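Every read-out reported here was derived from the displayed coordinates using simple, explicitly stated rules and does not represent laboratory data. Bear in mind that the values here come from a model prediction, so they are computed numbers and not experimental data. Because the Cβ atoms are built from the backbone with ideal geometry, glycine has one as well, and the counts that use them run over all protein chains shown.
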Amino acid sequence: MRDRASSEGRFNYLADSVAHSLVRNGRVLTRRDHDGRDAGTEGVVIDRRELCVLDARACDAASLPTLAQHGFEQHTHRLVRRDLDFLRHEPVVREYYPECAAFLREVTGAAHVYAFDHNVRSAQGTRSETRIIGGQQVQPPAHIVHGDYTLTSAPQRLRDLGAPPGANDTLRSFLGDGETVVPRELVEQACGASGRFALINVWRNIAPEPVMTHPLALCDAQSVCPRDLVVFEIHYADRVGENYFAKYAPEHRWYFYPELTRDEVLLIKQWDSAGMLAQSAGELADASSPGAPCTFSFHSAFRDPATPPSAPDRWSIEVRCLLIYA
């Protein structure tokens, strides 16, 4: 076990020469196939940084990161089915998705939670071109500082989940004719002036051993400003998705949870329509305000120099969930 309160990690940001953007402009992008593989990138110029990463497990009770204020938190959560095979698509969707949704309802108090997509990540699995049975290929750990949604793509994802699924939607084969992931009336409610929705990932180690390689770091949302953001476009066959990539800022505060086990989960806020950035359309100087929920947390895999050369490869799953509050 580790005995240090911090580590030095290598992170990939976008270079300062890349123009800041809050909405799509066609300058920074990739094109992705049905298996989730990218055919190169355009406009991506990397700025590599060696940064301090704080051990979140070492925080005292008063300074523990929270989903509401910082954009992430860690929980102990044992799997209901201990022998669940995460490399088989159907049991993950039919058994693990409901488990994630139920846990998020309990933790957040949201009225409705829908799990709608997931990725399995492993560097070794990517090299060996491992394919999930009934699903797409295993993805590599994401070594780029990013958030999964933007001012445009977060509300668009909400609307998409209330419409018939597209060709790349994970749940397409599990829905009947005319059926949607989320009832249309709930989408309309969440889109209304008094509605609130959030997108949260449930991240879990799925290997028997604790995570040692490619650990996941999370950036305190209160240390991020809109001027740090750059829209990264993901061009699919039938739609264009968007992430936010980040440019480096010395204010960014990074945390990680060393040696995460299979009985732990990370909850990572990808978007909250009640957040300051979402509410302001990015026009404020800050992305958060004391007492108000944050909009999202940047995250990235990183290389920890404390990792032994013989450490087992990381295998992880992240399940994407939509939350609608009453």
The ³J(HN,Hα) series, computed from each phi in segment 188-193 with the Karplus coefficients 6.51, -1.76 and 1.60 at θ = phi - 60°, rounded to the nearest Hz and given as x for glycine or proline, is 4, 5, 5, 7, x, 4
Checking rank on 291-297, 302-308, 251-257, 176-182, with mean other Cβ inside 10 Å and highest first, the result is 291-297, 251-257, 302-308, 176-182
Treating only Lys and Arg (+1) and Asp and Glu (-1) as charged, each at its beta carbon, one finds that the chain has a dipole about its Cα centre, in Debye to the nearest 20, of 240 debye
Ranked on Cβ counts within 10 Å of their own Cβ, fewest leading, THR76, THR170 go THR76, THR170
CD proxy, 222 nm, the chain: helix-only mean residue ellipticity via -39,500 (n - 2.57) per DSSP H run with n ≥ 4, per residue, nearest 500, stands at -3000 deg cm²/dmol
Quick calc: nm separation of the 7 Å Cα→Cβ label points for ASP263 and CYS59 -> 2.3 nm
Projecting the Cα atoms of PRO308, LEU84, VAL230 onto the charge dipole of the chain, where Lys and Arg contribute +1 and Asp and Glu -1 at Cβ, the residue farthest towards the positive end is PRO308
In whole percents, the bins of 10 Å from zero upward hold the Cα-Cα pairs of segment 110-180 as 15, 38, 36, 11, 0
Matching label for the computed Cα Rg over 2.2 N^0.38 Å, out of (i) 1.25; (ii) 1.14; (iii) 0.94, is (iii)
Residue by residue through segment 146-155, the couplings from Karplus 6.51 cos²θ - 1.76 cosθ + 1.60 with θ = phi - 60°, in Hz, x for Gly and Pro, are 7, x, 7, 9, 10, 4, 8, 7, 5, x
One finds the C-alpha centres of segment 249-278 and segment 175-199 to be spaced, in Å, by 25 Å
Applied in sequence order to segment 5-18, the curve 6.51 cos²θ - 1.76 cosθ + 1.60 (Karplus, θ = phi - 60°) yields integer Hz couplings, x standing for Gly and Pro, of 8, 7, 9, 9, x, 9, 10, 9, 9, 8, 5, 4, 6, 6
Residues other than PRO140 with Cβ under 9 Å of its Cβ, Lys/Arg counted +1 and Asp/Glu -1, net out at +2
The set of residues whose placed amide H lies less than 5 Å from the amide H of HIS214, leaving out same-chain residues fewer than 5 positions away, is ASP304
For the chain, percent of DSSP beta bridges that are antiparallel (nearest 5) comes out at 85 percent
Cβ-Cβ cut-off under 13 Å around THR108, Lys and Arg +1, Asp and Glu -1: the net charge is 0
